[in-house]
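Since the structure comes first, as structure tokens, the remarks are kept for the end.
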Amino acid sequence: MIAINKEGARPVTVRRRNWLAPALPALIVAIPLVLFVLYPLIHILGRSFSTPDGLGLANYVAMLGNERFLRITANSFAVTIVSAALAIVLAYAFAYAVQRSTMPLRNLFRLIAVLPLFAPSLVQAQGLVLLFGRNGLINRSFGLSIDLYGYWGIVIASVLYVFPYAFLILSAALAVADARIYESAEMLGASKWRAFRTVTLPGTRYGLAAAIFVCFTLVITDFGNPMVIGGDYIVLASEVYNQVIGQANFEMGTVIGMVLLVPAAIAAIVEKRVSARQFSLINEHSKPLIPQKDRLRDALLLGVVLLISMAILSIVLVVVFASFVHLWPYRMTFSLRHYAFDVQNGTQPLWNSIYVSLMAAGIGVMAVTAAAYVIEKFPSPAARGLYFLSILPAAVPGMVLGLGYILAFNNPANPIYAIYGTLLIIAIANVYYYHAHGFLISGTSMKQISGRFDEASATLGGSRLQTFARVTLPLLFPTLVGIAVFFFMRSMVTLSAVIFLITPNTQMAAVSVLYLQDRGATNQAAAFSVCIIAIIMIVLLAMRLLLNATGHRHISLIR
């Protein structure tokens, strides 16, 4: 029997069907997010309160009352604040030079700026050690005794590590502007410096907010560079590794993980609130800003860009150079012996990285596209919850997520245990660590597809599935290629999200670089880094040729 509601207008079963129709897809897409993001975080939270006497605050009290822990926390913030500030200033100058000047070779400088994205996250520390370490090229060549181990070593490595991320965000913020505002400022007698302070800077404040958030989060959660060049200067991220791997103290590791989660989450919330106020700077009446020649400005910016480019290139090139010498720094003759990979596991870590990256690219594209499609095409209260879950990983440090996977899935009673210790779980960890970024890219492209396509398809009798397969997917093709490349690149170089999940059979190339560098096998570590860079560049080239062949020359693969 069909029940009738009080108004007697619509049967209750119809109302339930109307509610379930949009909510069901959101619930289906939300299940893996709950399983692979929320569930591990709940385990970390629970374990941090676990004590021999049951649940309690004893771990937090012990940690917060420990002078060493407070010093490590202060170290982390000291490194993070200074590194993020320096990276933002340098990246803004670089992006301004590329987007708002007429200096020569801007496309070449743009490529140099993003070069560190192709390398493992610790390659900056690796390069600095090769240049300024105790056996560094510069120290030995000029008889210097520069010692970069410690605070300034981590800061410099961190600045170089996050620089390309800040550059990409700020470059996008500076890429478009309304020329009429600058013409008005000039007519009112404003100097160029005042126009920069009152027009350019306010116009890019949302890009600055996003860049600050990204730099802050990446630096405070990075542990590769501090492990290689930190010396005795310990930060929170390296302390998590020491507690979990070095001392098997999971309780204290989870407490530090929760402490690490707080600033990253606060930064994410602040950035979202600031971005929510963003409005369009360009409308149909806007006049695109075309940079005019200014010799003094262009010369100054060219000098700044050259210095930054030299720093980036010197780090990468010295790693490449070290991979081709016989024995650094004692026998600097040319040799290919380090590419024989006669270390433990040989080339298997490289193949593992490729397999994991390919899986992450495939799974990642499906996961973020499904989430973006459901949120855009099936609006409901459940879709709002799905949106929150989709962007939640942006506030979760990679090491915290990896630690959560150990606690949640390393249990034979858990069905996911069947894939624990395999390459698949590492690929999944990478997908959900970078889920927020891929989701935002997919969602932005989804919003640009007019709803009239759906209406036209429905009018012609097409189902949602047919519309998705024949209309939406072809229109999204360039974006999907870009997202696949994004997941592939990040999975090839990431360290923090996988460091707790690897086994001797599933070791990744980026982790091999860390282990080899840690035990003094500098040349082999450099050879692994070079191979990672080469693989990423080959994939980028192949995807570029694919996009060009399909008529999508204007689509950028670096996001």
Original post:
Can you name the condition, by its number, that GLY402 falls short on among (1) free of Cβ contacts under 8 Å to residues at least 40 places away in the same chain; (2) open to solvent by less than 10 Å² (accessible area, probe 1.4 Å); (3) not hydrophobic (A, V, I, L, M, F, W, C)?
Top reply: (1)
**OP:** State the number of residues belonging to the stretch 330-365 that are within 25 Å of PHE487 (Cβ to Cβ) and either of a type outside the set (Gly, Ala, Ser) or assigned to a loop (DSSP other than H, G, I, E, B) (or both).
**Re:** 14
Original post:
Counting only residues that are of a type outside the set (Phe, Trp, Tyr) and surrounded by fewer than 24 Cβ atoms within 10 Å (Cβ to Cβ), how many does the stretch 117-126 have?
Top reply: 1
**OP:** Confirm whether ARG16 is modelled with pLDDT under 90, surrounded by fewer than 16 Cβ atoms within 10 Å (Cβ to Cβ) and either assigned to a helix (DSSP H, G or I) or not assigned by the TED database to the domain that holds LEU160 (or both).
**Re:** yes
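On the given criteria, is PRO381 of a type outside the set (A, V, I, L, M) and open to solvent by 30 Å² or more (accessible area, probe 1.4 Å)?
The answer is yes for PRO381.
If a residue counts only when it is polar (S, T, N, Q), which helices (runs of 4 or more DSSP H) contained entirely in the stretch 366-481 have at least 1 such residues?
Because the criterion is at least 1 residues that are polar (S, T, N, Q), the helices (runs of 4 or more DSSP H) in the stretch 366-481 that meet it are 381-391, 423-433, 435-447, 452-459, 464-467.
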Subject >> Test for ASN430: is it in contact with a helix residue (DSSP H, G or I) (Cβ under 8 Å, 6 or more places away or on another chain), open to solvent by 30 Å² or more (accessible area, probe 1.4 Å) and modelled with pLDDT of 85 or more >> reply: no
Original post:
Can you name the condition, by its number, that PRO415 falls short on among (1) under 19 Å from the mean Cα position of the chain (by Cα); (2) more than 19 Å from PHE500 (Cα to Cα); (3) open to solvent by 20 Å² or more (accessible area, probe 1.4 Å)?
Top reply: (1)
Original post:
Identify, please: which residue in the stretch 464-514 is aromatic (Phe, Trp, Tyr) and within 14 Å of the chain's Cα centre (by Cα) and is, among those, modelled with the lowest pLDDT?
Top reply: PHE486
**OP:** Filter the stretch 265-296 down to residues that are at pLDDT below 75 and either aliphatic (A, V, I, L, M) or in contact with a strand residue (DSSP E or B) (Cβ under 9 Å, 6 or more places away or on another chain) (or both), then give me how many there are.
**Re:** 8
Original post:
So VAL89 clears everything in (1) assigned by the TED database to the domain that holds TRP152; (2) open to solvent by less than 60 Å² (accessible area, probe 1.4 Å); (3) farther than 19 Å from ILE234 by Cα except one condition, right? Which one?
Top reply: (2)
Original post:
Can you tell me which residues in the stretch 517-529 are touching a residue at least 12 places away in the same chain (Cβ under 8 Å), open to solvent by 10 Å² or more (accessible area, probe 1.4 Å) and not β-branched (Val, Ile, Thr)?
Top reply: GLN517, ASP518, ALA521, GLN524
Subject >> Qualifying residue in the stretch 324-346 (condition: at pLDDT 95 or above and small (Gly, Ala, Ser)) >> reply: no
Subject >> Enumeration of residues in the stretch 311-329 that are within 23 Å of the chain's Cα centre (by Cα) and under 29 Å from ALA484 (Cα atoms) >> reply: ILE312, LEU313, ILE315, VAL316, VAL319
Subject >> Residues satisfying the stated conditions in the stretch 92-106, i.e. surrounded by 12 or more Cβ atoms within 10 Å (Cβ to Cβ) and either outside the structural domain of GLY203 (by the TED database) or not aromatic (Phe, Trp, Tyr) (or both) >> reply: ALA93, ALA95, ALA97, VAL98, GLN99, ARG100, SER101, THR102, MET103, LEU105, ARG106
**OP:** Looking only at the stretch 323-366, count how many residues are in contact (Cβ under 8 Å) with a residue 60 or more places away in the chain and open to solvent by less than 30 Å² (accessible area, probe 1.4 Å).
**Re:** 17
Original post:
Applying the selection to the stretch 384-395, what residues are open to solvent by 10 Å² or more (accessible area, probe 1.4 Å) and either of a type in the set (Ser, Thr, Tyr) or in contact (Cβ under 8 Å) with a residue 12 or more places away in the chain (or both)?
Top reply: GLY385, TYR387, LEU389, ILE391, LEU392, ALA394, ALA395
**OP:** Determine if the stretch 530-543 includes at least one residue that is within 23 Å of the chain's Cα centre (by Cα), touching a residue at least 12 places away in the same chain (Cβ under 8 Å) and over 15 Å from LEU117 (Cα atoms).
**Re:** yes
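Specify which of the listed residues (PHE216, PHE196) is of a type outside the set (Ser, Thr, Tyr) and more than 22 Å from LYS287 (Cβ to Cβ).
Selected residue: PHE216, the only one of PHE216, PHE196 that is of a type outside the set (Ser, Thr, Tyr) and more than 22 Å from LYS287 (Cβ to Cβ).
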Original post:
Filter the stretch 490-513 for residues that are open to solvent by less than 10 Å² (accessible area, probe 1.4 Å) and part of a helix (DSSP H, G or I); which is nearest to TYR241 (Cα to Cα)?
Top reply: VAL511
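On the given criteria, is THR369 out of contact with any Leu (no Cβ under 6 Å at 6 or more places or on another chain) and surrounded by fewer than 17 Cβ atoms within 10 Å (Cβ to Cβ)?
Numbers: out of contact with any Leu (no Cβ under 6 Å at 6 or more places or on another chain): yes; surrounded by fewer than 17 Cβ atoms within 10 Å (Cβ to Cβ): no.
Criteria not met by THR369.
The values are calculated or read from the model by the stated rules, or taken from the named source; none is laboratory data. Because the structure is a prediction, the values reported are computed rather than measured. For neighbour counting, all protein chains shown are included, and Cβ atoms are generated from backbone atoms with ideal geometry for every residue, glycine included. Calculation scope for accessible area: heavy atoms of the full protein, side chains included, ligands and nucleic acids excluded. Shrake-Rupley method; radii C 1.70, N 1.55, O 1.52, S 1.80 Å.
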